[in-house]
Amino acid sequence: MTALLEETAVTATQVGPLAGYTVGVTAARRADELGALLERRGAEVLHGPAIRIVPLADDSELLAATTGLLDGPVDVVVATTGIGFRGWMEAAEGWGLGPALRAALTGAAVLARGPKAKGAVRAAGLVEAFSPESEANAEVLAHLLDQGVDGKRIAVQLHGEPLPDFTDTLRRAGAEVVEIPVYRWTAPADPAPLERLIEAVLSGQVDALTFTSAPAAASTLDTADRMGKLDALVDALRTRVLVVAVGAITAGPLARHEIPAVWPDRARIGALVRHLSDTIPTRATRVTVAGRELELRGQAVLVDGDLRPVAPAPMALLRALSATPGRVLSRATLAGVLRRHSGRESTVDEHAVETAVGRLRAALAVPGVVQTVVKRGYRLAVPTP
């Protein structure tokens with residue numbers, strides 16, 4: 001018995017903050033890194049890349065923008081991302097335009113949105129004139145407007161999609177803006193993984209969905225629309241699924257559909273994972289049943305700190321029973337829960353409820369948690385007033 005208790009205690013201490021949760025990853029770039037960080041904290045990861053990155057050296061749009069920029073003087077250059085600015089320099093070298101581009105930018109005021117962009121600017125042999133503590137495009141824009149931009153030629157390095165609020169404001173203030181599409185996003189070559197991820201969200205198998213770029217968020221919504229399931233996806237993301245973005249810009253396409261999202265203070269993958277790890281446990285249901293502490297996570301239950309995986313149908317019943325602990329729910333009521341969970345109206349009966357309750361009891365492996373009330377239904381074994 002002592003050995004068993006010691007083994008259980010060790011198991012409990014090893015349960016990560018994301019254990020029992022399934023997290024969807026829509027990222028293309030650095031998806032493996034993000035997935036590894038999530039799995040290290042106990043999550044089950046489903047990956048459906050929502051975008052594909054066009055290789056820089058093969059991007060005719062970037063080449064055309066670069067040669068067009070070199071046709072005249074450059075007064076200001078805005079570096080929005082480190083990987084984008086560095087990629088721009090490397091692509092220019094490949095085209096034989098590296099020396100000319102560096103010379104043009106040397107005479108310009110270089111503004112770096114954040115530390116990574118600043119590092120890329122310095123790696124190119126340039127020195128930034130301004131970099132905001134907030135790492136926000138809005139503060140870069142405010143700085144430019146304060147300095148005055150009328151008559152100036154400004155190169156704005158994009159980060160995967162247009163920045164109309166930023167560039168249009170500069171144009172209205174009198175600037176000539178040259179947009180530099182340093183890396184371009186397109187739809188994934190194989191949409192099937194993303195479609196499967198969307199289906200998993202709709203079937204209740206995903207507890208949190210992560211986005212590391214605004215194009216990925218937009219592409220996910222566009223794909224759901226093409227599947228004829230946009231309304232269902234938006235409803236799931238508004239009500240059941242925790243949506244986590246790497247930053248406010250990434251969350252933009254979601255906000256346009258009134259989908260609530262959370263994001264960390266710093267737009268970093270590691271910070272995203274930490275923010276998710278801190279946030280999702282606050283959504284768990286906790287209840288004391290038959291002297292045991294139960295914490296209902298996405299796809300599992302912690303019983304006195306020990307993780308017990310629970311299949312979707314039994315978990316749906318447990319959530320219904322936990323909504324009003326101690327209250328008896330009839331078999332007919334619980335059959336309705338299973339019907340809503342499965343989406344099947346005619347094949348769920350009271351026998352299916354008995355089967356699901358049996359599976360729930362087996363998964364929890366704790367006698368007496370779910371009580372049968374003769375001729376009435378089932379309840380959680382909590383004291384009633």
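The values are calculated or read from the model by the stated rules, or taken from the named source; none is laboratory data. What you see is a predicted model, and the numbers here were worked out from it, not measured in a lab. Counting neighbours? That spans all protein chains shown, and the Cβs are built from the backbone with ideal geometry, glycine included.
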So how many residues does the stretch 246-299 have that are at pLDDT below 95 and of a type in the set (V, I, T)? 9
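Do we have V348 as hydrophobic (A, V, I, L, M, F, W, C) and either within 23 Å of V23 (Cβ to Cβ) or in contact (Cβ under 8 Å) with a residue 24 or more places away in the chain (or both) here? Outline the logic, then answer.
Working: hydrophobic (A, V, I, L, M, F, W, C): yes; either within 23 Å of V23 (Cβ to Cβ) or in contact (Cβ under 8 Å) with a residue 24 or more places away in the chain (or both): no.
Taking the combined requirement at face value, the residue does not satisfy it.
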Please verify whether the stretch 318-326 includes one or more residues that are without any contact (Cβ under 8 Å) to a residue 40 or more places away in the chain, among the hydrophobic types (A, V, I, L, M, F, W, C) and either closer than 14 Å to V369 by Cα or touching a Ser or Thr at 6+ places or on another chain (Cβ under 9 Å) (or both). yes
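Do the conditions hold for G87, that is, is it over 21 Å from T167 (Cβ atoms) and either buried (at least 17 other Cβ atoms within 10 Å of the Cβ) or touching a residue at least 12 places away in the same chain (Cβ under 8 Å) (or both)?
Judged against the criteria, G87 is not a match.
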Condition (residue is outside the structural domain of S213 (by TED's automatic domain parsing), part of a loop (DSSP other than H, G, I, E, B), hydroxyl-bearing (S, T, Y) and surrounded by fewer than 22 Cβ atoms within 10 Å (Cβ to Cβ)) applied to the stretch 120-135: is it met by at least one residue? yes
In the set L338, L318, the lone residue that is in the same structural domain as V374 (by TED's automatic domain parsing) and farther than 19 Å from A236 by Cα is L318
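Could you tell me whether A173 is hydrophobic (A, V, I, L, M, F, W, C), outside the structural domain of R274 (by TED's automatic domain parsing) and either surrounded by fewer than 19 Cβ atoms within 10 Å (Cβ to Cβ) or closer than 24 Å to E44 by Cβ (or both)?
For A173, the condition - hydrophobic (A, V, I, L, M, F, W, C), outside the structural domain of R274 (by TED's automatic domain parsing) and either surrounded by fewer than 19 Cβ atoms within 10 Å (Cβ to Cβ) or closer than 24 Å to E44 by Cβ (or both) - is met.
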Applying the selection to the stretch 53-81, what residues are buried (at least 16 other Cβ atoms within 10 Å of the Cβ) and either in contact with a Pro (Cβ under 8 Å, 6 or more places away or on another chain) or without any contact (Cβ under 8 Å) to a residue 12 or more places away in the chain (or both)? D59, L62, A65
In the stretch 247-298, how many residues are touching a residue at least 60 places away in the same chain (Cβ under 8 Å), assigned to a helix (DSSP H, G or I) and of a type in the set (D, E, K, R)? 1
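Assess whether A91 counts as being more than 22 Å from D207 (Cα to Cα), at pLDDT 85 or above, assigned to a helix (DSSP H, G or I) and in contact with a Leu (Cβ under 6 Å, 6 or more places away or on another chain).
yes
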Selection from the stretch 213-242 of residues that are polar (S, T, N, Q) and either surrounded by 15 or more Cβ atoms within 10 Å (Cβ to Cβ) or modelled with pLDDT of 95 or more (or both): S213, S219, T220, T223
Leading residue by the ranking (surrounded by the most Cβ atoms within 10 Å (Cβ to Cβ)) among those in the stretch 339-361 that are modelled with pLDDT under 90 and of a type in the set (D, E, K, R): R339
Sort out which residues of the stretch 4-54 are closer than 23 Å to V301 by Cα, part of a helix (DSSP H, G or I) and at pLDDT below 95, and write them in order of number. L4, L5, E6, E7, T8, A9, V10, T11, A12, T13
Here the qualifying pairs (Cβ atoms under 9 Å; residues six or more apart or on different chains; first in the stretch 181-198 and farther than 17 Å from I53 by Cα; second assigned to a loop (DSSP other than H, G, I, E, B) and hydrophobic (A, V, I, L, M, F, W, C)) come out as E195/M227; L197/A50; L197/V206; I198/M227
Hey, any hits in the stretch 362-369 for a residue that's in a helix (DSSP H, G or I) and loosely packed, with under 14 Cβ neighbours inside 10 Å? yes
